[in-house]
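Before any comments, here is the structure.
The values are calculated or read from the model by the stated rules, or taken from the named source; none is laboratory data. If you're wondering where the values come from, they're calculated on a predicted model, not measured in any experiment. Here the Cβ positions follow ideal geometry from the backbone for every residue, glycine too, while neighbour counts run over all protein chains shown. Note: accessible area is taken over every heavy atom of the protein model, side chains too, but ligands, DNA and RNA are not part of it. Shrake-Rupley method; radii C 1.70, N 1.55, O 1.52, S 1.80 Å.
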Amino acid sequence: KLAMEFPSEDIFLMTASPVIKAVTNFKQVSKTLEEFDVEEQPSSLLEKRYPNIKVIQSGVKQLKSDEHKIVTEDGKEYMYEKLCLCAGAKPKLIFEGNPYVLGIRDTDSAQAFQKNLAQAERIVVVGNGGIALELVYEIQGCEVIWAIKDKAIGNTFFDAGAAEFLIPKLTAENRETPIECKRTKYTTEGSEEKERPIAASDKLGSALGPDWHEGLHLKGTKEFSHKVHIEILCEVKKIHLQQEFIQLQRTSLTFPKEEKSVEPDEVLWPVYVELTNGKIYGCDFIVSATGVVPNVKPFLDGNNFAVGEDGGLKVDKHMRTSLPDIYAAGDICTASWEPSPVWHQMRLWTQARQMGWYAAKCMAADTLGESIDLDFSFELFAHVTKFFNYKVVVLGKYNAQGLGLDHELMLRCTKGQEYVKVVMQNGRMMGAVLIGETDLEETFENLILNQMDLSAYGEDLLNPDIDIEDYFD
């Protein structure tokens, strides 16, 4: 975007990785919903397309904001007129530095995971966001103990009702063939040969795109297809290595089977997970899919940034940080303007793309002394993804975020086919979750955006016999 706005200016892109993430197959589904693939490409492609872009492959060691200067890991210094920090976030590991704990957030960690899974008989997955959901669904031939701190799965994206709707898919033995994914892969040359250290979570990779598990062979050693046991309302209290566990003289449990009392496990495992509910399970390794923390560390030293409660660099509605000429976009930043009542920040690919594009517009406008309005994409929270092979669309305050008790929910559910939930407040639609091919996203998007009073329709709003779209076209 910047390269197009300022064709005669030099633009430096600093990245620690030899590949860059490119958005491909972009499709504007509706006013605010967009679908796209994320593809790894060699940085030379970007330089070919925009001759004024120079990609510098090096991590950032230090930012000297008062001197308008960046120092890279290899000791070089670069002056900037304007700077945008897009360093993303890194996995929030449950325990740092434990070789049996794998964090998943980027392509590299997904590959390390696949390597370990090939020898695994049982793993413990901790976390309840999008990556944990997909992971648990895709893994075959390996026992999975899934520890979640909430009552229901997928809490970040939906409620207990939606979780109930999805659960039968988790336990189904025979899988329908997955919908074909149109993403091509690009991996760094020779990356297959290089052995990756297991606990390379401190290394930063780029975040995974929406179909990150495609093309990874997620299969353990066992012959059965799917075995998942969910432990709810618990977190990991402690991790014991095998020797420590033997010395503790405590009992670990076998994989729980239906209708059977839980029995002590005779097998010796490389590592043991003690949960806050008192249960201990042995496993081959633990996957920490517990979200991310903004990657601000390289930039804080010696710079007086205003930082949000979630650890991100605070940005105003022009994506400016608290320091002159420094902007931030994506997972690293915390939106600190007064948001629209139906938008909230969530560290997702869609928002990272929107913020990056808008930050470039703001940098251009500031440079040229023009005024600019907040981008339309921040009017309504809208995200489309796929879980368990279902299309999932979330709109607005889909989980009644911040609405307190003053709201009501309306539901429509056809088992194995679709799940529709709307969040209403004072007769107005504030949010929605759509699972399956509902074809309601555009209608609901409009109803949330225009805040029309829908009290008169009552329960008929979700009546499958009434074609709601005809009402509100």
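Observations on the structure shown:
- Residue match in region 389-406 (condition: out of contact with any strand residue (DSSP E or B) (no Cβ under 6 Å at 6 or more places or on another chain) and at pLDDT 90 or above): yes
- Taking region 160-169 as the range and being open to solvent by 10 Å² or more (accessible area, probe 1.4 Å) and touching a strand residue (DSSP E or B) at 6+ places or on another chain (Cβ under 7 Å) as the test, the residues that pass are GLY161, PHE165.
- Hits in region 392-433 - residues which are basic (Lys, Arg) and under 22 Å from TRP343 (Cβ atoms): LYS397, LYS421, ARG428
- ILE104 surrounded by 15 or more Cβ atoms within 10 Å (Cβ to Cβ) and touching a helix residue (DSSP H, G or I) at 6+ places or on another chain (Cβ under 7 Å): yes
- The lone exception for ASN116 - which of (1) surrounded by 21 or more Cβ atoms within 10 Å (Cβ to Cβ); (2) closer than 19 Å to LEU93 by Cβ it fails: (1)
- Just one of the listed residues (PHE299, PHE387) is under 16 Å from THR156 (Cβ atoms), hydrophobic (A, V, I, L, M, F, W, C) and out of contact with any Lys or Arg (no Cβ under 7 Å at 6 or more places or on another chain), and it is PHE387.
- When SER225 is tested against (1) under 22 Å from the mean Cα position of the chain (by Cα); (2) open to solvent by less than 30 Å² (accessible area, probe 1.4 Å); (3) modelled with pLDDT of 60 or more, just one condition goes unmet, and that condition is (1).
- Filter result (hydrophobic (A, V, I, L, M, F, W, C) and not in a loop (DSSP other than H, G, I, E, B)) within region 247-289: LEU248, LEU253, VAL271, VAL273, LEU275, ILE280, CYS283, PHE285, ILE286, VAL287
- In region 387-406, residue nearest to GLN354 (Cα to Cα) [restricted to those that are open to solvent by 60 Å² or more (accessible area, probe 1.4 Å) and not aliphatic (A, V, I, L, M)]: GLY402
- Candidates in region 83-95 are the residues that are part of a loop (DSSP other than H, G, I, E, B) and of a type outside the set (A, V, I, L, M, F, W, C); of these, the one that is least open to solvent (accessible area, probe 1.4 Å) is GLY88.
- Selected residue (criterion: surrounded by the fewest Cβ atoms within 10 Å (Cβ to Cβ)) from residues of region 245-291 that are touching a residue at least 40 places away in the same chain (Cβ under 8 Å) and among the aromatic types (Phe, Trp, Tyr): PHE255
- Restricting attention to region 24-82, the residues that are open to solvent by 70 Å² or more (accessible area, probe 1.4 Å), under 29 Å from HIS383 (Cβ atoms) and part of a strand (DSSP E or B) add up to 4.
- Residue list for region 357-377, restricted to those being open to solvent by less than 30 Å² (accessible area, probe 1.4 Å) and either touching a residue at least 60 places away in the same chain (Cβ under 8 Å) or at positive phi (or both): ALA359, ALA360, MET363, ALA364, SER377
- Those residues of region 290-323 which are assigned to a loop (DSSP other than H, G, I, E, B) and of a type in the set (A, V, I, L, M), in sequence order: VAL296, ALA306, MET319, LEU323
- Filtered by the rule that a residue be part of a strand (DSSP E or B), at pLDDT 85 or above and either open to solvent by less than 50 Å² (accessible area, probe 1.4 Å) or acidic (Asp, Glu) (or both), region 1-19 gives ILE11, THR15.
- Among the residues of region 39-79, those identified as more than 31 Å from the chain's Cα centre (by Cα) and closer than 21 Å to PRO7 by Cα are PRO51, ASN52, TYR78, MET79.
- Selection of region 325-340 for residues being over 18 Å from LEU2 (Cα atoms) and in contact (Cβ under 8 Å) with a residue 60 or more places away in the chain yields ASP331, ILE332, CYS333.
- Residue within region 442-454 that is open to solvent by 60 Å² or more (accessible area, probe 1.4 Å), part of a helix (DSSP H, G or I) and free of Cβ contacts under 8 Å to residues at least 60 places away in the same chain present: yes
- Top-ranked residue in region 125-155 [being of a type in the set (Asp, Glu) and assigned to a helix (DSSP H, G or I); ranked as least open to solvent (accessible area, probe 1.4 Å)]: GLU134
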